[in-house]
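J.: Provided herewith is a single structure, encoded as structure tokens, for subsequent inquiry.
The values are calculated or read from the model by the stated rules, or taken from the named source; none is laboratory data. These numbers were taken from a predicted model, which means no experiment stands behind them. As a convention, Cβ positions derive from the backbone with ideal geometry for all residues, glycine included, and neighbour counts pool all protein chains shown.
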Amino acid sequence: MGHTYGTWLPGDPKGFRTRHHREHVEGDYRNPPPPGIYEGLHEHAKRAMKRDPVYLNWEQRRRALDEIIASLNRHRVEFEIFSLDRIHLHGLMRCTDHEPKHWLGLAKKESSHFCKQTGHAPVGGIWAHGCKALLPVASRAHYRRVRGYIHDHRLKGALIYEVVSPPGMEAFDPGTLWAE
């Protein structure tokens, strides 16, 4: 999972996490923290930003996702599905080297570069630093849940790119698929 620059800051009212969970933070996106509890931290984070937050319109989403997919293809990283909305990128990819953050980071960097060249990204780029890679997909049921979760982002206006497997031929392989 990745997000665009400046759209999910420390102290965010919808919930947040500190780097490596160094601080315990009340709430999460499903159960946000009590209103105002982290207001000072959020204001400080907004003041520290070097530029405006990045919110992607439909054309920017299409271009950015095309470049993410092109980068993964160039580097021969297999993937199952990606979704991109105004601020969030979710994906399911196969990383036999167990380095999903490296490959997604490279894809985000290349996406931002090519989007800037065509006028689809602001100076400074699209993406926030880092990304979150969850644990490897552990079972066929986990695979179906993750793929369904990402696919369902279309209902929230996300652009979806997916590799469609023939019926009964899901590309599940424990230990090499990385969710989000």
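J.: For the subset of the range 88-110 comprising residues that are of a type in the set (K, R) and in contact (Cβ under 8 Å) with a residue 40 or more places away in the chain, which member is nearest to D152 (Cα to Cα)? Steps first, please.
T.: Here is the first cut: in the range 88-110, the ones of a type in the set (K, R) are 94, 101, 108-109.
Now narrow it down to the ones that are in contact (Cβ under 8 Å) with a residue 40 or more places away in the chain: 94, 108.
Details: R94: 20, K108: 22 Å.
Looking at residues that are of a type in the set (K, R) and in contact (Cβ under 8 Å) with a residue 40 or more places away in the chain, I get R94.
J.: Residue check: is G125 assigned to a loop (DSSP other than H, G, I, E, B) and either buried (at least 16 other Cβ atoms within 10 Å of the Cβ) or under 10 Å from the mean Cα position of the chain (by Cα) (or both)? Let's see the steps before the verdict.
T.: Details: assigned to a loop (DSSP other than H, G, I, E, B): yes; either buried (at least 16 other Cβ atoms within 10 Å of the Cβ) or under 10 Å from the mean Cα position of the chain (by Cα) (or both): yes.
Yes: the conditions hold for G125.
J.: Another one. So, of the residues in the range 128-173 that are assigned to a loop (DSSP other than H, G, I, E, B), in contact with a strand residue (DSSP E or B) (Cβ under 7 Å, 6 or more places away or on another chain) and closer than 17 Å to L104 by Cβ, which turns out to be modelled with the lowest pLDDT?
T.: L134
J.: Taking the residues in the range 111-120 that are touching a residue at least 40 places away in the same chain (Cβ under 8 Å) and assigned to a loop (DSSP other than H, G, I, E, B) as candidates, determine which candidate is farthest from R61 (Cα to Cα).
T.: T118
J.: Might you check whether a residue that is touching a strand residue (DSSP E or B) at 6+ places or on another chain (Cβ under 7 Å) and within 30 Å of H24 (Cβ to Cβ) occurs anywhere in the range 59-81?
T.: Step one: filter the range 59-81 for residues touching a strand residue (DSSP E or B) at 6+ places or on another chain (Cβ under 7 Å), giving 61-62, 64-65, 68-69, 72, 77-81.
If we keep only those that are within 30 Å of H24 (Cβ to Cβ) too, we end up with none.
Looking through the range 59-81, none of the residues is touching a strand residue (DSSP E or B) at 6+ places or on another chain (Cβ under 7 Å) and within 30 Å of H24 (Cβ to Cβ).
J.: Also: Across the range 3-60, what is the total count of residues that are aliphatic (A, V, I, L, M), out of contact with any helix residue (DSSP H, G or I) (no Cβ under 9 Å at 6 or more places or on another chain) and modelled with pLDDT under 80? Walk me through how you get there before you give the answer.
T.: Start the filter on the range 3-60 by keeping residues that are aliphatic (A, V, I, L, M), which leaves 9, 25, 37, 41, 45, 48-49, 54, 56.
Next cut, out of contact with any helix residue (DSSP H, G or I) (no Cβ under 9 Å at 6 or more places or on another chain) only: 25, 37, 41, 45, 48-49.
Within this subset, residues satisfying the condition of being modelled with pLDDT under 80 are 25.
So the answer is 1.
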